[in-house]
1. Among the residues of the range 30-46, what is the count of those that are loosely packed, with under 12 Cβ neighbours inside 10 Å and part of a strand (DSSP E or B)?
2. So GLY106 clears everything in (1) in a strand (DSSP E or B); (2) touching a helix residue (DSSP H, G or I) at 6+ places or on another chain (Cβ under 6 Å) except one condition, right? Which one?
3. Considering each residue of the range 145-161, count those that are in contact with a Ser or Thr (Cβ under 7 Å, 6 or more places away or on another chain), modelled with pLDDT of 90 or more and open to solvent by 20 Å² or more (accessible area, probe 1.4 Å), and give that number.
4. When you go through PHE57, PHE49 one by one, which is the residue that is within 22 Å of LEU193 (Cβ to Cβ), touching a Ser or Thr at 6+ places or on another chain (Cβ under 9 Å), aromatic (Phe, Trp, Tyr) and surrounded by 15 or more Cβ atoms within 10 Å (Cβ to Cβ)?
5. Looking at the range 65-77, is at least one residue open to solvent by 70 Å² or more (accessible area, probe 1.4 Å), in contact with a Leu (Cβ under 6 Å, 6 or more places away or on another chain) and outside any strand (DSSP E or B)?
6. Please go through the range 114-133 and pick out each residue that is over 19 Å from GLU191 (Cβ atoms), touching a strand residue (DSSP E or B) at 6+ places or on another chain (Cβ under 8 Å) and open to solvent by 30 Å² or more (accessible area, probe 1.4 Å).
Amino acid sequence: MKQYPQVKISMVLEDRRSDIIADHYDLAFRIGKLNASNLIAKKLANTHFALVASKSFVEQHGMPETPEQLLALPAVVYSNGERVLDHIKLGETPHGEPNQSYRMQGNYKVSDVRALMGAVCDGLGYSMIDLFNLEASTETLGLVPLLTNYQISTMDTGIYAVYPHRKQTVLVKEFIGAVQQYIGTPPFWLEHLPNYQQLYR
């Protein structure tokens, strides 16, 4: 809006899958796995999962060394309507292919990402997060990564800009470009977990 002061923008923040055609949205951002539809999607970034817990949580429960040890611990789980993210797909052995699905003990389920991150930072449980949910580095937030020698499946998820018409308006095209530039390539949030590119492999 600083660059185009005549533009009027209405931004809606919600965690439900809107019908962007019926609701007359020019553009939506979706995170996860896209379903088949007649909408046009542009991928902005890959998802980058990590298992994290607070330092106080690890001091209390110990550092898990296997998925079974991790799954025995309390977890904070994102849950919003029918969308419950309580499964992790990992390798059965260190550095193995992520082909085994594990279910977390979701003692605390939260429909808001910031509340989820607050609970993790407060030591209520560990969680599987995407790095874009970190507002600062893991060190600053007092978090430690868990099971970094186990591969985590991305489950074909990503971050997408979705719009109803193949022929974009100038405003939509400029807006997507600005968001892509802000995210960067690779995404800036990879810096929030040092050496992430060498972890979870």
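The values are calculated or read from the model by the stated rules, or taken from the named source; none is laboratory data. This one's a predicted model, so the numbers in the text were calculated from it and none came from an experiment. With ideal geometry, Cβ positions are generated from the backbone for all residues, glycine too; neighbour counts draw on all protein chains shown. The accessibility values were calculated without ligands, DNA or RNA, using every heavy atom of the protein model including side chains. Shrake-Rupley method; radii C 1.70, N 1.55, O 1.52, S 1.80 Å.
1. Selection size over the range 30-46: 1.
2. Tallying (1) in a strand (DSSP E or B); (2) touching a helix residue (DSSP H, G or I) at 6+ places or on another chain (Cβ under 6 Å), GLY106 fails exactly one: (2).
3. 1
4. The match here is PHE49.
5. no
6. Answer for the range 114-133, where residues must be over 19 Å from GLU191 (Cβ atoms), touching a strand residue (DSSP E or B) at 6+ places or on another chain (Cβ under 8 Å) and open to solvent by 30 Å² or more (accessible area, probe 1.4 Å): ASP122, LEU124, MET128.
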